[in-house]
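Here is the structure we will look at, set down as structure tokens.
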Amino acid sequence: MKAQDTLLYLDGVSVSFDGFRAINNLSLVLQTGEMRAIIGPNGAGKTTMMDIITGKTKPDAGDVYFNGEVDLTRHDEAEIALLGIGRKFQKPTVFESHTVEDNLVLALSGPRSAFSALFHRQSANEAERIEDILYTIRLNGKRDWLAANLSHGQKQWLEIGMLLAQDPKLLLVDEPVAGMTDAETAETAKLLREIAKTRSVLVVEHDMHFVRELDVKVTCLHEGSVLAEGSLDFVSNDQRVIEVYLGR
Amino acid sequence: MITQWFFTHVDRRGGIAIALLVAIALLVPLSNLLLPQTSPLHIPTYLVSLIGKYLTYALLAVALDLVWGFCGILSLGHGAFFALGGYAMGMYLMRQIGPRGVYADPVLPDFMVFLNWKELPWFWHGFDNFWFAALMVVLVPGALAFGFGWLAFRSRVTGVYLSIITQALTYALLLAFFRNDMGFGGNNGLTDFKDILGFNIQAGTTRSMLFAATALFLALAVFVSSFIIRSKLGKVLVGVRDAESRMRFLGYRVDRYKLFVWTISAMMAGIAGALYVPQVGIINPSEFEPANSIEAVIWVAVGGRGTIIGPIIGAVLVNFGKTYFTAAFPEIWLFALGALFIIVTLFLPKGILGLYGSWRTKLADRAARKKDSAPPPVAAENVHLPEPQAAE
Ligand SMILES: Nc1ncnc2c1ncn2[C@@H]1O[C@H](COP(=O)(O)OP(=O)(O)OP(=O)(O)O)[C@@H](O)[C@H]1O
Ligand SMILES: [Mg+2]
């Protein structure tokens, strides 16, 4: 497979922490417009893979390309974010001492220089986009709440809203439904499917009901490399996947 | 028009503080200069200078709060920027002495004659001009902070490590300024000033004007801080304080934001030092003492970090306490200061003003939640809404 016509291209990627290989010769390809679910046991390297894609961790070996041509290993977090890769963390991280609305204001795509921020005035267009996002993530009634006061599930949604505000080409979503009720989980699946109509999404999740509802191609990671890849039914019938992950 | 512009950048509390500072900038000199000494409202000159000194400390505290309270950069070396601003002003005041020094050299300050120097070192040139010196008051601390911050923030030095190197910075300057061959008067520093802008520095009117200038600069610092904090840049800074790496993943160059606010803060501290020196009449290397920078941190903590106004209250109260205690019970002052810091850290994490502020925000937040707790009608028919946790 050539890197050229892919959105995200990882080939032979490895990274070690103090001699421990967290990612081991990992190869993974995501097409433009695709949504992919990543599953795998704890410690499989799912979060570390996202760290590599977003520039937080530099790989020891291997290629990481975005949009077929941008070598992500040569850019830092801020540059990669501006290239159009947004990320939701495993542990929801919103700005707790800011209001829900200000969290979105900060995430909203636009100039990022200190000078422009000092004299920034919200435009009508920006206000409208924030309104839209608040509605999409169902927090329109809580715009003036401090983010610290949101429930766990609401924080997860606010973070997804911040991702939308960034207007990225690729969304990396790490365990979005952890700690959510069944109803919230179903809503989140619906929201992600909606988002995936216009963007590419990589979503890590342990919740198999949720993965089934996403109804997309699944990649199972184990010990830092791909164990199986295909439809959920195909992957979940794989003997090795059952052994290391589903069977436990 | 102007009031509207003013109040988009300053909140009510900041507005009140600025109004009060402008008022005392007018009233204190009037009372000192116009009221007869027998009047109960007369403020004696020594008190004008004493309060003026406290206000320069308050300005230093506001500068420190800007980086510590709002951006999470705990500087244990802000005294260095204060002292550098002070030295720049001191150099101007030395050059003003002219031939009136003990050795009556028209150009060289006394200590240089004493050291047998024949000409003025290059870095003393220009300081006979007030405006050049005034420029150096902000440029020198600003340039040092910029260089230091550029290195530290780019290599992502944060937290305790950053605090330690700021402390090392002021300590290194302390040692350097102690040396006679540095050309800043060594151990004795710069003193015996005669006049400033042609006015006798001891005169009551000059003292009153210095006081007024300090109060006005403090008001300006409150305005500048408010302007920064209420802008989107201020929101980014608070975001950096609370979740720095998250801010990076949103595409912000965190190091540049830090560098901006750090440099502004150092310049404010430099101005504070420049106003301090003519009012106390001396600047020497002890101003670089690490303990001074740590005291400034205590003022901010006591008044309330991240509140802009709190540090002013903290600086003035703690220094009144210091003046009183060091006279009445000199041996217990340091213990009192230490105890104060522990009490504030344990029981008043947001300081005096934070106590009041958190009570206010709690009320506002409760009101907002009461208003919003009904589910929005649009979403209700097809969407499950997570229930608000705290619907108390
Ligand atoms: N910065 C780091 N330093 C040392 N070890 C690390 C670091 N980051 C990750 N690891 C290790 O790498 C392995 C993979 O971790 P990772 O967080 O990627 O797993 P994961 O698949 O996301 O697991 P989970 O499902 O529990 O979130 C783990 O053993 C972890 O301890
Ligand atoms: Mg993980």
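The values are calculated or read from the model by the stated rules, or taken from the named source; none is laboratory data. Bear in mind the structure is a predicted one, so any value in this text is a computation, not a measurement. Don't worry about glycine lacking a Cβ; one is built from the backbone with ideal geometry, like all the others, and counts go over all protein chains shown. Ligands, DNA and RNA are stripped out before the accessible areas are found, and what is left, the full protein with its side chains, is counted by its heavy atoms. Shrake-Rupley method; radii C 1.70, N 1.55, O 1.52, S 1.80 Å.
When the Cα convex hull of segment A:196-239 is projected onto planes of every orientation, the mean area is 3.5 nm².
Normalised by 2.2 N^0.38 Å, where N is the number of residues, the C-alpha radius of gyration of segment A:1-114 stands at 1.17.
Once a ≥ b ≥ c are taken as the square roots of the eigenvalues of the Cα gyration tensor of segment B:1-53, is the result rounded (a/c under 1.5), prolate (a/b larger than b/c) or oblate (a/b not larger than b/c)? Prolate shape, in that a/c is at least 1.5 and a/b is the bigger ratio. Reported value for chain A: 138 Å³ per residue, from the convex hull of its C-alpha atoms. Taking 0.36 nm per residue of separation and subtracting the current Cα-Cα distance, fully stretching the chain between residue B:245 and residue B:130 would add 37.0 nm.
Of A:56/A:91; A:58/A:197; A:88/B:235; A:56/A:155; A:58/A:217; A:58/B:232, which ones are farther than 24 Å apart at the Cα? Pairs exceeding 24 Å: A:58/A:197; A:58/A:217; A:58/B:232.
Between residue A:123 and residue B:41, the modelled labels are 5.5 nm apart [label points 7 Å from Cα along Cα→Cβ]. Carbon and sulfur together cover what percent of the accessible area of segment B:265-343 at a 1.4 Å probe radius? Result for segment B:265-343: 77 percent of the exposed heavy-atom area is carbon or sulfur. Taking every DSSP beta bridge that has both ends in the protein assembly as shown, the antiparallel portion is near 60%.
Accessible surface area normalised per residue over segment B:8-367 is 44 Å², counting heavy atoms of protein chains with a 1.4 Å rolling probe. Distance between the 7 Å Cα→Cβ label points at residue B:199 and residue A:242: 9.2 nm. With only Cα atoms counted, segment B:239-366 has Rg and Dmax values of 17.8, 55 Å.
Ordering A:70, A:125, A:246 by Cα displacement along the dipole of chain A toward the positive end leaves A:125 in first place; charges were set at the Cβ atoms of Lys, Arg (+1) and Asp, Glu (-1). Can you bin segment B:155-217 into rounded, prolate or oblate? Criterion: square roots of the alpha carbon gyration tensor eigenvalues sorted a ≥ b ≥ c, rounded for a/c under 1.5, prolate for a/b above b/c, oblate for the rest. Note, shape of segment B:155-217 comes out oblate.
Sketch the reach of a paramagnetic label on residue B:178 as a point 7 Å from Cα along Cα-to-Cβ, and name the residues of segment B:263-293 whose backbone nitrogen lies under 20 Å away. Only B:283-293 pass the distance filter.
The residues of segment A:94-108 listed by number as losing at least 40 Å² of accessible area in the complex, against the isolated chain and with a 1.4 Å probe, are A:95, A:97, A:98, A:106. Using a probe of 1.4 angstrom, how much of the accessible area of segment A:139-248 is carbon and sulfur, in percent? Summing carbon and sulfur atoms, their accessible area is 48 percent of the total for segment A:139-248.
Label-to-label distance, residue B:107 versus residue B:19, with points set 7 angstrom from Cα along the beta-carbon direction: 5.4 nm. When accessible surface is computed with a 1.4 Å probe, chains A and B are found to bury approximately 4000 Å² between them, both chains counted. Using a 1.4 Å probe on protein heavy atoms, which residues of segment A:142-189 have at least 50 Å² less accessible area in the complex than alone? Buried on complex formation: A:145, A:149.
Sorted on the mean count of surrounding Cβ atoms within 10 Å across their residues, most packed first, peptides B:40-46, A:149-155, A:107-113 read A:149-155, A:107-113, B:40-46.
With only Cα atoms counted, segment B:8-367 has Rg and Dmax values of 20.9, 73 Å. With the gyration tensor restricted to C-alpha atoms of the protein assembly as shown, the semi-axes of the equivalent ellipsoid amount to 57, 29, 20 Å, longest first. With protein chains left intact and a 1.4 Å probe, residues in chain A average 41 Å² of accessible area per residue. Enter the accessible area of residue B:255 (Å², nearest 10), with the probe set to 1.4 Å and all protein chains included. Estimated to the nearest 10 Å², residue B:255 gives 40 Å².
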